[in-house]
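Contents: one structure, followed by commentary.
The values are calculated or read from the model by the stated rules, or taken from the named source; none is laboratory data. From a predicted model like this one, the values you see are computed outputs, not experimental measurements. Cβ: placed from backbone, ideal geometry, glycine included. Neighbour counts: every protein chain shown. Just the protein is used for accessible areas: all its heavy atoms, side chains included, with ligands, DNA and RNA removed. Shrake-Rupley method; radii C 1.70, N 1.55, O 1.52, S 1.80 Å.
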Amino acid sequence: MSSLQAVHNIPEICAQLGITDVVLSPGSRCAPLTIAFARHPAITVRTVPDERAAAFIGLGLAQAQRRAVALVCTSGTAGLNYAPAVAEAYFQQIPLVVFTADRPPEWIDQLDGQTIRQADLYGAHAKGTFTFPADTSHADAHWHAGRLVSEAIGLAEQFPAGPVQVNVPLREPFYPKAGEELQFEPVKVTRELPGRSLLPAALLHELREAIQTTSRVLVVAGQHPADAELLLAVRQFAAAYQVPVVGDLIANLHLPAAPDFDQRLRPSAGRIYLWPFRSQA
């Protein structure tokens, strides 16, 4: 068995847990991850050398697909270039699984080139950080490595979704020998049951009473992915009670509520106002 077999199994775990897309930013240290993802038949690979752009492309894919997308970069400051998109994913609750290749632990703080402190690289802007074992030759470590990847994906997709980091220390050699075939082992994965946030019945009753006893009601819509069911409910509420609804374009209030949406439900006095998005200078 290859000394990198546990690393080569990462794409297989991702595929079994529903990750079909990865955005790669190639480098030397991340070569084992790059090769494994590129050769996996169930993974769609996009190669974007600039890490900042790559991370935002991954963010957009995850936002559109509403499922986790993987990012892969090499060691050193490459992972720091993911930070803007990781922070955005954290606050938008978008699942990203960030695989950062790293030097083995004995080379950290030894002034080795392209070596920084990569553990917990994104701090409070990631849901969690995991450190892949540097040595997976023992059966327990091999099992532990696979378990960590499963847990990371589960945490990224668990409500509220968000980004997680998996730091992967790698020792040379990074590339397979001539004629060496890369194989994906049968792997065991741990699946997280999806959770959903629901308001307690008592709180719903309290909100209903507050609305009924208030003379003026204003609905302010925050940033939210397109959701036809929610949008229809908001429009029905606005039309029925003549309540104004305001929101930015990123609240997606302007989209059709449903293919058979009754145009008569569009509010007249209770209008939906959209604020154009403007970047702050």
Chain lengthening between Gln93 and Ile250 when straightened (0.36 nm per residue, less Cα-Cα): 55.1 nm
Using θ = phi - 60° and the Karplus relation 6.51 cos²θ - 1.76 cosθ + 1.60, list the HN-Hα couplings for the stretch 205-214 in order, rounded to whole Hz, with x at every Gly or Pro. 4, 5, 5, 4, 5, 4, 5, 5, 9, 9
With a 1.4 Å probe and every protein chain left in place, work out the accessible area per residue of the stretch 33-88 in Å², rounded to a whole number. 41 Å²
Taking r as the C-beta separation of Lys177 and Ala139 and R0 as 22 Å, the FRET efficiency to the nearest 0.05 is 0.40
Kindly rank 8-18, 223-233 from highest to lowest mean number of other beta carbons found within 10 Å of each residue. 8-18, 223-233
Could you pull the Rg and Dmax for the stretch 97-143, using just the Cα atoms, both in Å? 12.5, 33
Computed from the beta carbon distance with a Förster radius of 22 Å, FRET efficiency for Ser215 and Gln236 to the nearest 0.05 stands at 0.55
Taking H placed 1.01 Å from N in the peptide plane, check which residues at least 5 places from Phe130 or on another chain put their amide H under 5 Å from its amide H. Gln165, Val166, Asn167
Compute the angle between helix 139-157 and the longest alpha-carbon principal axis of the chain, please, reported from 0 to 90 degrees and rounded to the nearest 10. 20 degrees
Computed ³J(HN,Hα) along the stretch 224-236: with the Karplus parameters 6.51/-1.76/1.60, θ = phi - 60°, integer Hz and x for glycine or proline, the list is 7, x, 4, 9, 4, 5, 5, 4, 4, 5, 5, 5, 5
So, with points 7 Å from each Cα along the Cβ direction, the Leu193-Arg66 label distance in nm works out to 2.1 nm
At q = 0.11, 0.22, 0.25 Å⁻¹, what log₁₀ I(q)/I(0) does the stretch 59-145 have when each alpha carbon counts as one equal point scatterer in the Debye sum? -0.36, -1.09, -1.23
5 angstrom amide H check on Asp248, placed H, neighbours 5+ away: Trp275
Qualifying GluC sites (Glu not before Pro) for the stretch 165-210 [loop in DSSP, other Cβ within 10 Å: at most 15]: Glu180, Glu181, Glu192
For the chain, the longest principal axis of the Cα atoms and the Cα long axis of helix 83-92 enclose an angle in degrees, to the nearest 10, of 40 degrees
Inter-site label distance for Gln223 and Ala53 at 7 Å from Cα along Cβ, in nm: 2.3 nm
For the stretch 35-48, take each phi angle, set θ = phi - 60°, evaluate the Karplus expression 6.51 cos²θ - 1.76 cosθ + 1.60, and give the result in whole Hz per residue in order, putting x for glycine and proline. 5, 5, 5, 5, 8, 7, x, 9, 10, 8, 9, 10, 9, 10
Where the accessible area of the stretch 17-153 is counted over protein heavy atoms with a 1.4 Å probe, how much of it, in %, is carbon and sulfur? 54 percent
